[in-house]
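A.B. asks: Before we start, here is the structure in question, set down as structure tokens.
The values are calculated or read from the model by the stated rules, or taken from the named source; none is laboratory data. Bear in mind the structure is a predicted one, so any value in this text is a computation, not a measurement. In this analysis, Cβ positions are derived from the backbone assuming ideal geometry, glycine residues included, and neighbour counts consider all displayed protein chains.
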Amino acid sequence: MIFANWRGFSGGTRDMFGEILKFGSYIVDNLRDYKQPVFSYIPPCGELRGGAWVVIDPTINEDMMEMYADTNARGGILEPPGICEIKFRKPDLLKSMHRLDPKLQQLTADLAIVDDSLGSEAEADDLRKQIAARETTLMPLYTQISHEFADLHDRPGRMRAKGTIRDVVDWGSAREYFAYRVRRRLVQDGLVKELRAADGSLSHTECLALL
């Protein structure tokens, strides 16, 4: 049983000298060959990020490993601010502002009218300044919205929909849930071993389908 609440592996000079990543890879080596059920659980307010996710990802040993998360847990390679720095930068925020904010839309339309009618340069400059001021005012709000949007992708419901976790398990019922899950897995895996002993061509997944 692994309670997963790690934001990644440190890759600093001191840690590289201490071979942190090297010994971390040993975790993967052992999980890959492990022959008993392994449950990873992200607890309430816990986070599983970066290299730490890679180390205990169930795809390392799909036959034996399962991942779960509490309703208030988070999981993903990058945290919301980090992913927004890559996928939703300032130009994208500005496009969203101009698409959604009525005042910006009006100012932009007014500027277009002034430019088309060859209005005074002073009037055009004033409108550009108002647009820039409005963008500056809205930027913190839209940044917060972008982080919230990115956070939606890290929540248990989304993780389950993407198949990265098996189920969402509330902390209050986790003890009972996993007690029964262990009992089921022990019986189930025992039957799988009997089936594979009878027919060596069957995979673990095929045995589960037969069961």
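A.B. asks: Any residue at all in segment 6-19 that is touching a Leu at 6+ places or on another chain (Cβ under 9 Å), without any contact (Cβ under 8 Å) to a residue 24 or more places away in the chain, hydrophobic (A, V, I, L, M, F, W, C) and surrounded by 16 or more Cβ atoms within 10 Å (Cβ to Cβ)?
C.D. replies: Checked segment 6-19: no residue is touching a Leu at 6+ places or on another chain (Cβ under 9 Å), without any contact (Cβ under 8 Å) to a residue 24 or more places away in the chain, hydrophobic (A, V, I, L, M, F, W, C) and surrounded by 16 or more Cβ atoms within 10 Å (Cβ to Cβ).
A.B. asks: Looking at segment 64-119 only, could you name the residues that are among the basic types (Lys, Arg) and surrounded by fewer than 15 Cβ atoms within 10 Å (Cβ to Cβ)? Before you say what the answer is, go through the steps one by one.
C.D. replies: Step one: filter segment 64-119 for residues among the basic types (Lys, Arg), giving 74, 87, 89-90, 95, 99, 103.
Lys87, Arg89, Lys90, Lys95, Arg99, Lys103, listed by residue number.
A.B. asks: Those residues that are at pLDDT below 90 and among the aliphatic types (A, V, I, L, M), I need them from segment 96-122; list them, please.
C.D. replies: Leu111, Ala112, Ile113, Val114, Leu118, Ala122
A.B. asks: In the list Ile83, Ile77, Ile60, Ile56, which residue meets the criterion of being touching a residue at least 60 places away in the same chain (Cβ under 8 Å) and among the β-branched types (Val, Ile, Thr)?
C.D. replies: Testing whether each residue is touching a residue at least 60 places away in the same chain (Cβ under 8 Å) and among the β-branched types (Val, Ile, Thr) leaves just Ile83.
A.B. asks: On the given criteria, is Pro44 in contact (Cβ under 8 Å) with a residue 60 or more places away in the chain, under 13 Å from the mean Cα position of the chain (by Cα), surrounded by fewer than 19 Cβ atoms within 10 Å (Cβ to Cβ) and outside any strand (DSSP E or B)? Step through it out loud before you land on a result.
C.D. replies: Numbers: in contact (Cβ under 8 Å) with a residue 60 or more places away in the chain: yes; under 13 Å from the mean Cα position of the chain (by Cα): no; surrounded by fewer than 19 Cβ atoms within 10 Å (Cβ to Cβ): yes; outside any strand (DSSP E or B): yes.
Judged against the criteria, Pro44 is not a match.
A.B. asks: Next question. Given the structure, is Pro58 out of contact with any Cys (no Cβ under 9 Å at 6 or more places or on another chain) and within 26 Å of Leu186 (Cα to Cα)?
C.D. replies: Criteria met by Pro58.
A.B. asks: Any chance you could count how many residues in segment 125-174 are closer than 26 Å to Leu78 by Cβ, in the same structural domain as Ile42 (by TED's automatic domain parsing) and of a type in the set (Ser, Thr, Tyr)?
C.D. replies: So the count comes out to 1.
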